[in-house]
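*Asks:* The structure follows.
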Amino acid sequence: MSASVKLSLQVVAILVACVAVAVMPVAVDLFQLMQFTLFASMAVLALSLGFIWGFGGILCFGQTAFFGLGAYAYAVAAINFGDSTPAILLAIIVPALFALALGYFVFYGRISDVYLGVITLTVTLILFNVFNSMAGDAYKIGTARLGGFNGMPAVPTFNMPFDPSSVLFPEQSWYVTGGALIAIYIGLRLILRSPFGRVAIAVRENETRASLLGYDPRAIKLGVFVLGGAIAGFGGALYVNWGAFVGPTIFSLSLSAEIIIWICIGGLGTLIGPIVGCFIIEYLISQIGSQQSFNSNLVLGAILIVFVLLLPKGLVPTIRLLLEGAGRLATKGRGQAPNAAPDLSAGQPVGAE
Amino acid sequence: MSTIPPLLETRGLTMRFGGVVANDDVNFALEEMELRCLIGPNGAGKSTFFKMLTGQLTPSEGRIRFRTYPIAGNLPHQIARLGIGIKTQIPNVFNGLSVRENIWLAAARAARRDASTIRAKAIVDDVLERIMLPHLAEAIVGQLSHGQRQWVEIGTVLAAEPELILLDEPAAGMTDEETVRTAEIIREINKNRALIVVEHDMEFIKMIAKKVTVFHQGRIMMEDSVDAVLADSRVRDVYLGKKVAA
């Protein structure tokens, strides 16, 4: 696919997504709209890991650490300030700073990829245990009780910027969450086209070569990691806005694993794939949950095995390959002269979605 | 001449891996604009020497000076920013990216170093012409032949516009025509840049070399003009024997 075709497909996809966000409140009932709001907040989390793993080459097993920190930061700030505006900002800043500190030791300490996975996983478990045990009056920040294993109920949800009296309706929350998802997608697309994004992809491709050209891979990876942490934290705020609740299970291993499954199914190395994977899997789980005839984890495991064995690239890259194949067949069918030079550009540059 | 400090100088450079001494007390100097060839049998320590010069290895002992900067033990990206570029032995490129993107990544860094120069895109187009790959600019590097990937790597080194270029076996895996073209490019680069070239192909060395340094068992065995080196009996014994006799 030529670059211009790719770009126009992306623009079409964004337009379709915008229309979908706009008409959803009319098209589905309130319960389903709430479900989609939840999925969209999860998809922001998916996008954050899809970005740092697929484009930065950083497999973080504990992306929920930033999601959870964002959620708790939002909850604590919203209860204290009574206004969601600064709380949302804190939900981005706190996880970003945490990612900065953690990432500094990991990347500047030259810790290898495998240990990065172990460390991020462990940090998530530590956070789970810390927040799980902070029950009682002793553990509160300002007026916000952290609640330990009970979590923090009745967190104020989003209001109009700087106007705590006008709390958003569910429809408006949907617009905010769906709109934020699209905005983050576009933002990441732009970053990937910028010099920083191109260098980040280069570092993932070949760290040695990048450093021999004068790029500092540690700084680049740290930048990607912090960005991913900030986005995941924002996703946490959206999640709390959906449920008005946050508990320590937000740091659970099952959610961490689920993000990786979303990305494997949707397609690693794409931005749209993690979103698609997230919506499909979460929708399936919610359907199974309401039927109660299967164990949803069993189904999730079966789906993952099928994908790893049959569609290891994931949905989006597979569909793209099929489209390209069809396009080439169509071109040949019209009797156009085959290219004299072998069509070396047919292979996808990684990250050129 | 003696008043001008060398572009690159090593003093007592030593690299030990456990009990193995890969480089032992290497004293080496390269003048501005010089073209130097390094030869020596496998395991003589040439690649280790290059790795220390580019920061991929930290020397066990000794000093390296680039212009006036001591660079031994600096990180690869710091040394690269000072202006040393390397083409490694095995093609070390961004396999998943296009040829153009590979060159751009090098050019963008160079353009950032001295902001006054031409824009990165102009460098990219120029380098694509010089490595004769403009028709494959959008091709994915991983799908090219070994020789073409060598070119791409040479291209990235050129686009970074370093002061000193290190080439580790630039002609390996190339056809005869490509080898001749490589020699041309090296002579062209040498008009305004210094180079150190490691090569096994004696014909290729004869095409480009002025002064040759012979490595043997981690040390510098001799350093002289290409003819004198080829005529030396010790060099023949350790390394050249069969090939020159043939």
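Derivation of every value follows stated rules applied to the coordinates shown; laboratory data play no part. No experiment lies behind these values; they were computed from the predicted model shown. When we count neighbours, we look across all protein chains shown, and the Cβ atoms used for this are built from the backbone with ideal geometry, even at glycine.
*Asks:* Measure out, as a whole number of angstrom, how far apart the alpha-carbon centroids of region A:100-132 and region B:171-201 sit.
*Replies:* Cα centroid of region A:100-132 versus Cα centroid of region B:171-201: 46 Å apart.
*Asks:* Over the Cα atoms of region A:4-56, what is the Rg over Rh ratio if Rh follows Kirkwood?
*Replies:* The Rg/Rh ratio comes out at 1.09.
*Asks:* Right, next: For a quick check: sort B:Asp224, A:Asp137 by the number of other beta carbons within 10 angstrom, fewest at the front.
*Replies:* A:Asp137, B:Asp224
*Asks:* Express in % the proportion of alpha carbon pairs of region A:152-292 at distances exceeding 27 Å.
*Replies:* Tail of P(r) above 27 Å: 36 percent of Cα pairs.
*Asks:* Cut-off under 19 Å on the C-alpha distance; same-chain residues fewer than 8 positions from A:Lys221 excluded. Which lysines are left, in chain and number order?
*Replies:* Candidates past the 8-residue exclusion: nothing left.
*Asks:* Which of the lysines could a cross-linker bridge to B:Lys211, judged by Cα under 24 Å and excluding same-chain residues fewer than eight apart?
*Replies:* The reachable lysines, counting only those whose Cα sits under 24 Å from B:Lys211, are B:Lys46, B:Lys51, B:Lys87, B:Lys191, B:Lys242, B:Lys243.
*Asks:* Using the scaling law 2.2 N^0.38 Å as the reference, what is the normalised Cα Rg of region A:83-197?
*Replies:* With N residues counted in region A:83-197, Rg over 2.2 N^0.38 Å equals 1.37.
*Asks:* Sticking with this structure for a sec: Taking the alpha-carbon distance from A:Lys332 and a cut-off under 23 Å, which lysines remain once sequence neighbours fewer than 8 residues away in the same chain are dropped?
*Replies:* Hits, sequence-local ones excluded: A:Lys6.
*Asks:* Computed on alpha carbon atoms, what radius of gyration and Dmax characterise chain B, expressed in Å?
*Replies:* Just the Cα atoms of chain B yield Rg and Dmax of 17.9, 53 Å.
*Asks:* To the nearest 20 debye, what charge dipole does the protein assembly as shown have about its Cα centre, counting +1 at the Cβ of each Lys and Arg and -1 at the Cβ of each Asp and Glu?
*Replies:* Computed about the Cα centre, the dipole is about 240 debye.
*Asks:* Now a separate question. In cubic angstrom, how much convex hull volume per residue do the alpha carbon atoms of the protein assembly as shown span?
*Replies:* Spelled out: Cα convex hull of the protein assembly as shown, divided by residues, is 207 Å³.
*Asks:* Then there is this: Angle, helix A:113-133 long axis vs. longest principal axis of chain A, Cα atoms, 0 to 90°, nearest 10?
*Replies:* 20 degrees
*Asks:* Still on this model: Where a ≥ b ≥ c are the square roots of the eigenvalues of the C-alpha gyration tensor, would you call chain A rounded, which needs a/c under 1.5, or, failing that, prolate if a/b is larger than b/c, or oblate?
*Replies:* It comes out prolate by the Cα gyration axes.
*Asks:* Between A:Leu309 and A:Leu321, what length in nm is gained on full extension when 0.36 nm per residue of separation is reduced by their alpha carbon distance?
*Replies:* 2.6 nm
*Asks:* Compute the semi-axes of the equivalent ellipsoid of region A:1-145, taking the square root of 5 times each eigenvalue of the Cα gyration tensor, and list them largest first in whole Å.
*Replies:* 31, 26, 13
*Asks:* Here's another thing I want to ask about it. So for A:Phe66, A:Phe105, A:Phe245, fewest C-beta neighbours within 10 Å to most, what's the order?
*Replies:* Ranked by crowding around the Cβ, least crowded first: A:Phe105, A:Phe245, A:Phe66.
*Asks:* Calculate log10 I(q)/I(0) of region B:20-87 for q = 0.24 Å⁻¹, where I(q) comes from the Debye formula with a single equal point scatterer on each Cα and nothing for solvent.
*Replies:* -1.28
*Asks:* Still on this structure: Report, to the nearest 10°, how far helix A:315-333 tilts away from the longest principal axis of the Cα atoms in chain A, using its own Cα long axis and a range of 0 to 90°.
*Replies:* 20 degrees
*Asks:* Treating only the Cβ atoms of Lys and Arg (+1) and Asp and Glu (-1) as charged, compute the dipole magnitude of chain A about its Cα centre; round to the nearest 20 debye.
*Replies:* For this selection, approximately 880 debye.
*Asks:* Something else about it: If you wrap a convex hull around the Cα atoms of region B:170-233, how much volume per residue is inside, in Å³?
*Replies:* Value for region B:170-233: 97 Å³ per residue.
*Asks:* Rounded, prolate or oblate: which fits region B:136-178, taking a ≥ b ≥ c as square roots of the Cα gyration tensor eigenvalues, rounded meaning a/c under 1.5, else prolate when a/b beats b/c?
*Replies:* oblate
*Asks:* Which order results if B:Arg234, B:Arg100 are arranged by neighbouring Cβ count within 10 Å, fewest first?
*Replies:* B:Arg234, B:Arg100
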